[in-house]
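First up is the structure itself, then whatever we jot down about it.
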Amino acid sequence: MKQVKGLDFWVRSSIWLELIIPGYFFGKTFGASDAKYRFLDAFMYPTAFIKFCGYFRDLPVGHYTARFLGVFSGALLGVLFALLIGVFYKWVLKDWAYSKATRVGSLAFILIALMTGFMSDMFCESIGMGLRIQEKAPEELEGKYLAQDYGAFTKGTKITLQNAPLLAAFGKVKTNDPGSAHGWWIASLIFMYSWFGLYFLCAHRLFKRNKIPREAYFKLQMINVAVVIILLRMGFGISASEYHYIVTRFQYLYGGM
């Protein structure tokens, strides 16, 4: 069969170019938000990652340059995480090249990177919007507490039929709906752990497709378990205590910024 010449370099490079995918999603998740939105990001994701990317995001180099630096630093974290997985995959697959072992590990890890991006767009934002609704107070929110009074922070003011029109005259009324936030928080937990299950299933299929010896399957899956535990211990996902803190303080710390 005729071979296409001149592609050897790109075929070899594709192993490393695939690391761009997890890098992109981690960069987008950790590095795109400005200081106002990072308050909630720090509860959903590892705080160390958010602070690291936030440092570059807040540099006084212009909005778009700072945004690029924040995303780039987040992407670097994602690539380093994938390369670290490759080290442990290579430790199990001793007769494999590091590049090949890393490729298998990073392909499976793309799912975790994709999950972070999805949770950033869907759950993290929805939880925040549940606690910070910028609109004229609808009837179903009568009796809820205002997050903001005329630009100040006065705890205890309620929306009633009498004062809602008065407040509306000052512009959009900021209210909070902890019920909505609670629903999105529970959904995020269900989604996250279901996605972890998908991660292990897809990793298993990748092992089979790449002809990895069956005796190595269990060890490699234990590495994947360790990766998930590390992410959880670093602060991935909102715990019950964190959720309580958010609900009781979020509307005052975030609502007026």
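Each value in this text was obtained by applying a stated rule to the coordinates, not by laboratory testing. On a predicted model such as this, the values are computed, not experimentally measured, just so you know. Cβ coordinates were reconstructed from backbone atoms using ideal geometry, including for glycine residues, and neighbour counts include every protein chain displayed.
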Lone unmet requirement of (1) assigned to a helix (DSSP H, G or I); (2) crowded, with 16+ Cβ neighbours inside 10 Å; (3) not small (Gly, Ala, Ser) for Trp91 = (2)
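Which members of the range 66-86 meet the condition of being more than 17 Å from the chain's Cα centre (by Cα) and in contact (Cβ under 8 Å) with a residue 12 or more places away in the chain? Step through it out loud before you land on a result.
Step one: filter the range 66-86 for residues more than 17 Å from the chain's Cα centre (by Cα), giving 66, 68-69, 83-86.
Of everything in the range 66-86, those that are more than 17 Å from the chain's Cα centre (by Cα) and in contact (Cβ under 8 Å) with a residue 12 or more places away in the chain turn out to be Leu69, Leu83, Ile85, Gly86.
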Residue count for the range 182-230, restricted to those that are within 17 Å of Lys94 (Cα to Cα) and surrounded by 15 or more Cβ atoms within 10 Å (Cβ to Cβ) | 7
